[in-house]
Amino acid sequence: MKFADAEQSYGEAKFIIFGVPYEDVEMSFRDGASKAPDFIRYASWNYESYAIFHDIDLQDIAIHDAGDFDIENARDFICKICNDKKIPIVMGGAHSISPHLISSIKENFGVVILDAHMDFRKEYLGDANSHACTARRIFDKVGKDKVVSIGVRSSSKEEIEDAKKLGFKYYLTSQYHKKIADEISFDKIYLSIDMDVFDPCYAPGVSNPEPVGLGYEVLDFIKEIADRIIAMDIVEICPPYDDGRASLLAAKIIRDLITWKV
């Protein structure tokens, strides 16, 4: 199954959707994120091709679903997409895919992470590439002036201490405000969305649900930065624990990003 309305060839398309059904050997709470790409594709068929609030029909936009890739081939593929001046939209998978994807993009860009968790550990259960270390690995790759995390409401004490010492910028959920997009200075943005940034009432089927989260204001934020987004991943949906809400919301975010970019 392909993502709805993603029927164009790679050469014709401006937007390239693909899945990376990867998850860590040791997930910290729930297993099943590797099943997410196909669930998001299925959910995408719920929507009309016509986006009523944008007066745009996705059937009139050149979109290509390239299928699924393992993590190594995904790195090469996202590099090709960016080199070809197209927009990659990646469906994970665990959040641990993001540092690998980001490291292969050669443009000058900043990273915006939407996540309930700080994910700034040096390692988790001996694994420095765990999903629990995602922000730390991104920070290591792009530097402190090129990454910011928004929506944080869970962290270890050590992560807080390291973030302060190293200068990792983050916003707690309580610090979120309507004009927060204006504080993002990056001219080009890689957007990484861990779906647990949403309160579980909006997205219950995620790997590590964290109550008292953000709601649909996240979509307003994405809309505000959409013209600067050069790539996006959306991760940590855990279909075995969902009633369809998380996948439906992820599919809508993908569709809306495309219409906002157009």
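The values are calculated or read from the model by the stated rules, or taken from the named source; none is laboratory data. All figures in this text were calculated on a predicted structure; none of them were measured in a lab. We place every Cβ from the backbone using ideal geometry, glycine too, and count neighbours over all the protein chains shown. Just so you know, the surface numbers come from the protein's heavy atoms only, side chains and all, with ligands and any DNA or RNA stripped out. Shrake-Rupley method; radii C 1.70, N 1.55, O 1.52, S 1.80 Å.
Figures for the structure shown
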read-out	value
Cα point-scatterer Debye curve for the stretch 216-262, base-10 log of I(q)/I(0) at q = 0.27 Å⁻¹	-1.05
Coil-residue trypsin sites (Lys or Arg not before Pro) of the stretch 14-106, DSSP, other Cβ within 10 Å capped at 13	K85, K106
Total formal charge among the other residues, if their Cβ is under 13 angstrom from that of A246, Lys/Arg +1 and Asp/Glu -1	-2
Zone residues, the stretch 145-168, relative to V212, backbone N less than 13 Å from point 7 Å out along Cα-to-Cβ	152-155
Pair D127, K2: separation of 7 Å Cα→Cβ label points (nm)	3.3
Cα-based shape type of the stretch 20-101, given that a ≥ b ≥ c are square roots of the gyration tensor eigenvalues and the cut on a/c is 1.5	oblate
Percent carbon-and-sulfur accessible area, the stretch 3-47, ignoring ligands, DNA and RNA, probe 1.4 Å	52
Spacing of the two label points (7 Å from each Cα toward its C-beta) at N83 and Y50, in nm	4.1
Sulfur and carbon atoms: percent of accessible area, the stretch 111-262 [1.4 Å]	47
Fully extended contour minus Cα-Cα distance, from K14 to K261, at 0.36 nm per residue	87.9 nm
Solvent-accessible area per residue, Å², over the stretch 149-196 with all protein chains present [probe radius 1.4 Å]	51
C-alpha long axis of helix 157-166 to longest principal axis of the chain, angle in °	80
Two-site FRET efficiency, D57 against R228, from Cβ-Cβ distance with R₀ of 25 Å, rounded to 0.05	0.55
